[in-house]
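What follows is a single structure, written as structure tokens, with notes after it.
The values are calculated or read from the model by the stated rules, or taken from the named source; none is laboratory data. Keep in mind the model is a prediction, meaning the values are calculated, not measured. Neighbour counts are summed over all protein chains in view; Cβ atoms, including those assigned to glycine, are modelled from backbone coordinates with ideal geometry. Areas reflect the complete protein model, heavy atoms only, side chains present, ligands, DNA and RNA absent. Shrake-Rupley method; radii C 1.70, N 1.55, O 1.52, S 1.80 Å.
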Amino acid sequence: MPEVSTDHLDEQQVQLLAEMCILIDENDNKIGADTKKNCHLNENIDKGLLHRAFSVFLFNTENKLLLQQRSSAKITFPDCFTNTCCSHPLSRPLELEENNAIGVRRAAQRRLKAELGIPMEQVTPEEIQYLTRIHYKAKSDGIWGEHEIDYILFVQKDVMLNPDPNEIQSHCYVTQKELKQLLDKASRDEVKITPWFKLIAETFLFKWWDNLHNLNKFIDHQKIHRM
């Protein structure tokens, strides 16, 4: 694996690079584990290194979607607007468990607490609905990037928020109209959004959003959408 200097990067974010992500093949079968750092280096991604991830879309009871703007300290896609929470299950027993994606849903609960300060008891794994998976690849800059099979997770609940400023610089709840305005701004390069959020918003998101109380018909745990 290549050696890349992290001396200029945020200390707290660099510590997270040592976490062990779950390596998978293109059909989402576990094949091993490697550090978050190695999983996000373009040099490795270009050789096919692929890891498991998730994207949470949390709506309040007014059907508004919680967005976050990633902090400037983030190593990949700093300052970008994105969905509620995006991260990785780790290579540890409770998060490796695959039955109905329970390991991924536990990881989502952990990261909702870490990034947004949502108390663990407010969003349990049982309240997180796993819809489907997408497979995408994107470069953040010349060194860092993403190559993930991303589990799409939906939650609808009113929650308490206490975001970690090292993770998130701002957050807001948006209506469909407000998100479309944000996407329009992004298309004019007035704001930045993450590539995975752009892909999901342009394909599935609004259809799912229209059916928050009837999401079962969109559940597809067999197909991995290649994007």
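Can you name the condition, by its number, that residue 63 falls short on among (1) within 20 Å of residue 201 (Cβ to Cβ); (2) assigned to a helix (DSSP H, G or I); (3) among the polar types (S, T, N, Q)?
(2)
Across region 137-153, what is the number of residues that are of a type in the set (A, V, I, L, M, F, W, C), under 14 Å from the mean Cα position of the chain (by Cα) and surrounded by fewer than 22 Cβ atoms within 10 Å (Cβ to Cβ)? Working first, answer last.
Pass one, region 137-153, residues of a type in the set (A, V, I, L, M, F, W, C): 138, 143-144, 149, 152-153.
In the following step, the residues that additionally are under 14 Å from the mean Cα position of the chain (by Cα) were identified as 138, 149, 152-153.
Next, from what is left, pick out any that are surrounded by fewer than 22 Cβ atoms within 10 Å (Cβ to Cβ): 138.
Counting residues in region 137-153 that are of a type in the set (A, V, I, L, M, F, W, C), under 14 Å from the mean Cα position of the chain (by Cα) and surrounded by fewer than 22 Cβ atoms within 10 Å (Cβ to Cβ) gives 1.
Give the number of residues within region 181-227 that are part of a loop (DSSP other than H, G, I, E, B), basic (Lys, Arg) and touching a residue at least 24 places away in the same chain (Cβ under 8 Å). Even if it seems obvious, please write down each step before you answer.
Quick first cut of region 181-227, residues part of a loop (DSSP other than H, G, I, E, B) only: 188-192, 194, 204, 210-214, 219-223, 227.
From what is left, the residues that are basic (Lys, Arg) are 188, 192, 223.
After this cut, where a residue has to be touching a residue at least 24 places away in the same chain (Cβ under 8 Å) as well, the list is 192, 223.
Residues meeting the conditions: 2.
Being in a loop (DSSP other than H, G, I, E, B) and of a type in the set (D, E, K, R) is the requirement here; does residue 158 meet it?
For residue 158, the condition - in a loop (DSSP other than H, G, I, E, B) and of a type in the set (D, E, K, R) - is met.
Using the structure shown, decide if residue 81 is touching a residue at least 60 places away in the same chain (Cβ under 8 Å), open to solvent by 30 Å² or more (accessible area, probe 1.4 Å) and among the aromatic types (Phe, Trp, Tyr).
yes
Just checking, which of 168, 134 is under 18 Å from the mean Cα position of the chain (by Cα), within 21 Å of residue 26 (Cβ to Cβ), of a type in the set (A, V, I, L, M, F, W, C) and open to solvent by less than 20 Å² (accessible area, probe 1.4 Å)?
134
Among (1) open to solvent by 10 Å² or more (accessible area, probe 1.4 Å); (2) within 25 Å of residue 163 (Cβ to Cβ); (3) touching a residue at least 40 places away in the same chain (Cβ under 8 Å), where does residue 66 come up short?
That leaves (1) as the condition not met.
Any residue at all in region 48-57 that is open to solvent by less than 20 Å² (accessible area, probe 1.4 Å), of a type outside the set (Val, Ile, Thr) and not in a strand (DSSP E or B)? It would help to see each step written out before you state the result.
Of region 48-57, the ones open to solvent by less than 20 Å² (accessible area, probe 1.4 Å) are 50-57.
Filter once more, so that each one left must be of a type outside the set (Val, Ile, Thr): 50-55, 57.
Still in the running and not in a strand (DSSP E or B): 50.
Yes, region 48-57 contains a residue that is open to solvent by less than 20 Å² (accessible area, probe 1.4 Å), of a type outside the set (Val, Ile, Thr) and not in a strand (DSSP E or B).
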